[in-house]
Amino acid sequence: MKWLFSGLTLAALLSITGQSATAAPEAVTSPRADDRCTASDVQRIAHHFYDFGSDWTEDGSPEAIYAAHLFEDCQFRFYDNNDPEDNPNSPEIPHVFSQGGYFLGGIANWFTASEFEAEGLTESEAVALMKTWTDRVFWGPATATDAELKEIKVATTPYGDAFLDEDDPLAGKHSSVGNHRYVIFKANTLEPGDYRWRWERAAGGATYVFYGAVTVTP
């Protein structure tokens, strides 16, 4: 269930996948009241995505349980639309949220130290490269055409260093650098129903387009 992608991995995913088809979520079950997400939950995802990702384990600790709740109930990734089981990059989490809860859609950008050094880049140059990538998100009812989808502003966090649990020769130093780009949907701002989005990433002189679907329940 890989939800964080490095700059190189994401570039490869985009170049291979191209456009993904819009599809309804596999299961439409209204979240339980105690699974609904708060403003604090989505802010945790937005601004502490590295910690959230590293906490997400299966050890049964309170931190892991909370991270699993955030992952499963409070967010979706722009590159993934609940793809088939044979897609190794798919979280397989239905994109179903409650009208009374907050949720977030986002994409985390990062390079590991081993990756940017292999490309002959310094950390600052890796950040400069990521800053050239632009992201646009368009949103609307499931029945809307592409032209009818409305653009919504993408927020970004500052770039920063973080430690990742990976086989990185520089682990223990600044093992990765990146930021999070996201949109937040506030509670009670969407009517129950089916919605679709289009995410456009411009990078390296090309534009990549992904589509996805969300269901909002009462």
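The values are calculated or read from the model by the stated rules, or taken from the named source; none is laboratory data. All values derive from a computational prediction rather than experimental measurement. Neighbour counts are summed over all protein chains in view; Cβ atoms, including those assigned to glycine, are modelled from backbone coordinates with ideal geometry. Note: accessible area is taken over every heavy atom of the protein model, side chains too, but ligands, DNA and RNA are not part of it. Shrake-Rupley method; radii C 1.70, N 1.55, O 1.52, S 1.80 Å.
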Kindly report, to the nearest 10 Å², the accessible surface of S124 as traced by a 1.4 Å probe over protein heavy atoms only. 80 Å²
Around A187, which amide H atoms from residues at least 5 apart in sequence, or from another chain, sit under 5 Å from its own amide H, with H modelled in the peptide plane? Y102
Scalar couplings 3J(HN,Hα) for the stretch 68-74 by Karplus 6.51 cos²θ - 1.76 cosθ + 1.60 (θ = phi - 60°), nearest whole Hz, x for Gly and Pro, are 5, 4, 4, 5, 7, 10, 10
For T122, T157, T143, what's the largest-to-smallest order of accessible area, 1.4 Å probe? T143, T122, T157
Please list, in chain and number order, the residues 5+ apart from R196 or on another chain whose amide H is under 5 Å from its amide H, with Hs placed from the backbone. G140, A142, V214
Answer in debye to the nearest 20: the dipole magnitude of the stretch 104-157 about its Cα centre, from +1 Lys/Arg and -1 Asp/Glu charges placed on Cβ, is 340 debye
Residue-ordered couplings for the stretch 187-201, obtained by feeding phi - 60° into the Karplus form 6.51 cos²θ - 1.76 cosθ + 1.60 and rounding to whole Hz (Gly and Pro as x), are 4, 6, 10, 10, 6, x, x, 9, 10, 9, 10, 10, 10, 10, 10
The local net charge around A155, scoring Lys/Arg +1 and Asp/Glu -1 for residues other than A155 whose Cβ lies under 14 Å from its Cβ, equals +2
For the stretch 205-212, in order, what is each residue's ³J(HN,Hα) by Karplus, 6.51 cos²θ - 1.76 cosθ + 1.60 with θ = phi - 60°, in whole Hz (x at glycine and Pro)? x, 10, 10, 10, 10, 10, 10, x
With all protein chains in place and a 1.4 Å probe, E117 shows an accessible area in Å² (nearest 10) of 110 Å²
Using a 10 Å cut-off on Cβ atoms, rank the peptides 100-108, 205-213 from the highest mean neighbour count down. 100-108, 205-213
